[in-house]
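One structure is given here, and the rest of the page talks about it.
The values are calculated or read from the model by the stated rules, or taken from the named source; none is laboratory data. What you are looking at is a predicted structure, and each value in this text was computed from that prediction instead of being measured. Using ideal geometry, Cβ is built from the backbone for each residue, glycine included, and neighbour counts are taken over all protein chains shown. Note: areas computed on protein heavy atoms with side chains; ligands, DNA, RNA excluded. Shrake-Rupley method; radii C 1.70, N 1.55, O 1.52, S 1.80 Å.
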Amino acid sequence: MALVVDEQPVGILLLVEISAQKVFVLYFAVDANIRGRGIGSKTIAALKEQYPNGVILESEITGQQADNEMQRVKRYDFYKRNGVNDAHLVTKNMGGTFHLLRTTDEISDDDYLNAVSELGIEAQVE
C-alpha cells in the first residue's frame, strides 16, 4: 500500500496479516527526500495501534561491515526508538540475514515463519 500525506505518495508499506491483531511487515520505506518529518514514526504508531498483539519485521543485520552499514544502523535504531524491539533472533532467507524485531512478546518466531511461508518464502530463525 502507498503511504499518502496531503494527497502525495510519501512511502510504501507491504504487510501480511498473521491474525486480526498481528502483522508481519515485509517492506517499509519512506521517500528519502522527506525522511525526518515523523511519517515513519506515525506509521509505526498506527501499526502498533491497529495490531495490538504485535508487529514483527526484519531489519538488516548490523556489525558486518556492509557497504551500507550506517544505513542499516540508522534503520535498526529507528525501529528501536519506535518500540519495535530486537527479539534476539536472526532470520535467514533469500533476501539475506536480518535481526527479527517485534513490538510485543506475544508475537513469536513461529508467527514470522507462518507469514513468510504464506508468501512462498523459505526462511529459518536462529
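Remarks
- Inter-residue pairs, beta-carbon under 7 Å, first under 19 Å from residue 22 (Cα atoms) and without any contact (Cβ under 8 Å) to a residue 60 or more places away in the chain and in region 88-108, second in a loop (DSSP other than H, G, I, E, B) and open to solvent by less than 30 Å² (accessible area, probe 1.4 Å), 6+ apart: 99/61; 101/84; 102/54; 102/84; 103/54; 103/83; 103/84; 104/54
- Conditions (1) in a helix (DSSP H, G or I); (2) surrounded by 17 or more Cβ atoms within 10 Å (Cβ to Cβ); (3) in contact (Cβ under 8 Å) with a residue 40 or more places away in the chain; number of the one not met by residue 41: (2)
- In region 1-22, residue nearest to residue 109 (Cα to Cα) [restricted to those that are touching a residue at least 60 places away in the same chain (Cβ under 8 Å) and under 13 Å from the mean Cα position of the chain (by Cα)]: 22
- Residue within region 78-85 that is basic (Lys, Arg) and either touching a Phe, Trp or Tyr at 6+ places or on another chain (Cβ under 9 Å) or at pLDDT below 95 (or both) present: no
- A search for C-beta distances below 8 Å between a residue of region 45-60 that is in contact (Cβ under 8 Å) with a residue 24 or more places away in the chain and more than 9 Å from residue 102 (Cα to Cα) and any residue that is assigned to a loop (DSSP other than H, G, I, E, B) and open to solvent by less than 10 Å² (accessible area, probe 1.4 Å), counting only pairs 6+ apart in sequence or on different chains, returns 53/107.
- Among strands (runs of 3 or more DSSP E) entirely within region 52-126, having at least 3 residues that are under 21 Å from residue 35 (Cα atoms) and out of contact with any Gly (no Cβ under 6 Å at 6 or more places or on another chain) singles out 55-60.
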